[in-house]
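The next block holds one structure in the form of structure tokens; read it before the comments.
None of the figures in this text is laboratory data; all of them are computed from the coordinates on show. This is a predicted model, so every value here is computed, not measured. Cβ placement follows ideal geometry from the backbone for every residue including glycine, while neighbour counts extend to all protein chains displayed.
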Amino acid sequence: MFAWTTGVPLLSIALVGLGFVLPVGLLLASIAGLALIGSVLASVHHAEVVAHRVGEPFGTLILAVAVTVIEVALIVSMMLAGGPDKSALPRDTIFSAIMIICNGAVGLCVLVGGLRHREQSFRLEGANAALAALIALATLSLVLPTFTTSSPGASYTSKQLAFAAVASLVLWGVFVFVQTVRHRDYFLPPRGAADESAHAPPPSLKTAWASFALLLVSLAGVIGLAKLLSPTLEQAVEAVGAPATVIGIVIALLVLLPETWAAVRAARADRLQTSLNLALGSALASIGLTIPAVALVSTLLGMPLQLGLGPKDLVLLFLTFAVGTITLSTGRTNVMQGAVHLVIFAAFVFLAFVP
């Protein structure tokens, strides 16, 4: 039987191709928006199939890396198309991804899980390792460029940029090694935590490979449709008089929809460890893979690259990490912690429109 989880991703790819030959009017934009939502749901389904076959934390890692690789491709393509005008797009998108993941996604997961299960537990060792790496990566990539003096503005010199790129890639690689090899148990659910799939038979190898291929098609559809709709979104941003940084937020929101939805579903099923693996792993991959890619493009093509955050965003980043450190300090969460993160996320979105 031809399932919707197969048909919708293929339809999304067809719509992306159609967008190259036809003008994106109201009808095509509406259909593309619906297909975008369907592709998000399909990608989550296929990611869960693959995750059930390979087990944790490999399943969440596959989804995080797949989404980030396509996100990098989208950012680089928009940089090449926009030229110097898009010099701040990587910064805006990475910062937005951190705020969306660490406040929006984590806050929603903790709140939904707390409302349904009162309290939820997770492994401190894995969460703290991920948060420490994330703080270091964000500081090297988004904070230090604001304060260095060798290059004008909030940018790095070529040597500084090369160091940040290598450091980001190395630190992300070490984290993946720790997560999947050396200390894999740090990222597995605590004993006694619910696992609704524990007694379900894993899918066959053929089914898992088919879902992995359809996962990539679904994610490609999400990113392709996001790029197809980006001119419409940019016009909408200009129409409401919002700052250009809002475009980075919209891109990050669209790209992170599959992971966020999968993380919330896991939290609702009392699998908060899976939610945190997805959320923090996505944030780390977003920096660890994006910074080296945009640094390489910037260096080879001589394109300007603005990475340093302004005062308002620096305060929000500091607040996010301070609250995140407290939230992940006990190994248990409740609705209060989720509410705090969501308020910070709301402040981020509000101040993006009203700086």
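Among all stretches of the chain without exposed trypsin sites (Lys or Arg not before Pro) (DSSP loop, at most 16 other Cβ atoms within 10 Å), which one is longest?
192-355
Any chance you could check the Cα centroid distance between the stretch 259-282 and the stretch 1-56 for me, in angstrom?
Cα centres, the stretch 259-282 to the stretch 1-56: 21 Å.
Does the stretch 276-320 come out rounded, prolate or oblate, given a ≥ b ≥ c as the square roots of the eigenvalues of its C-alpha gyration tensor, rounded meaning a/c under 1.5 and, failing that, prolate meaning a/b above b/c?
On the way: a/c = 5.83, a/b = 1.30, b/c = 4.47.
The shape class here is oblate.
Normalising by the residue count of the stretch 4-353, find the relative contact order in percent from Cα pairs under 8 Å and 6+ residues apart.
So the answer I get is 40 percent.
Translational diffusion coefficient of the stretch 123-277 at 4 °C, 1.567 mPa s, Stokes-Einstein with Kirkwood Rh over Cα pairs, in µm²/s as a whole number.
For the chosen part, D equals 67 µm²/s.
What number in nm² do you get for the stretch 98-160 if you take the convex hull of its Cα atoms and divide its surface by four?
On the way: hull surface 22.4 nm².
Over every viewing direction, the Cα hull of the stretch 98-160 projects on average to 5.6 nm².
Helix-derived [θ] at 222 nm for the chain: sum -39500 (n - 2.57) over DSSP H runs of at least 4, divide by residue count, nearest 500?
Here the helix-only value at 222 nm equals -25000 deg cm²/dmol.
May I ask you to list, by number, the DSSP H helices of the chain whose Cα span along the axis is at least 30 Å and whose average Kyte-Doolittle hydropathy reaches 0.5 or more?
26-54, 58-82, 205-239, 245-268, 272-301
Starting from the Cα gyration tensor of the stretch 217-355, multiply each eigenvalue by 5, take the square root, and state the resulting semi-axes largest first in whole Å.
They are 27, 20, 18 Å, listed from largest to smallest.
Counting other C-beta atoms within 10 Å, and keeping those with at most 14, which DSSP coil chymotrypsin sites (Phe, Trp or Tyr not before Pro) do you find in the stretch 1-105? Let's see the in-between values first.
Working: sites: PHE2, TRP4, PHE20, PHE58, PHE95; in loops: PHE2.
In loop regions of the stretch 1-105 (DSSP not H, G, I, E or B), the sparsely surrounded chymotrypsin sites (Phe, Trp or Tyr not before Pro) are PHE2.
Within the chain, what is the longest stretch that has no GluC sites (Glu not before Pro) placed in a DSSP loop and near at most 14 other beta-carbon atoms within 10 Å?
Details: sites that count: GLU119, GLU196.
Of all site-free stretches, the longest is 197-355.
Per q in 0.08, 0.09, 0.14, 0.15 1/Å, what log10 I(q)/I(0) does a Debye calculation on the alpha-carbon atoms of the stretch 4-353 return?
With no solvent term, the Cα-only Debye profile gives -0.37, -0.47, -1.18, -1.35.
Among the lysines, which fall within straight-line cross-link reach of LYS86, defined as a Cα-Cα distance under 25 Å, with same-chain neighbours fewer than 8 residues apart omitted?
List returned: LYS159, LYS227, LYS312.
Please compute the Cα-Cα pair-distance distribution of the stretch 4-82 with 10 Å bins starting at 0, giving whole percents from short to long.
17, 36, 35, 11, 1
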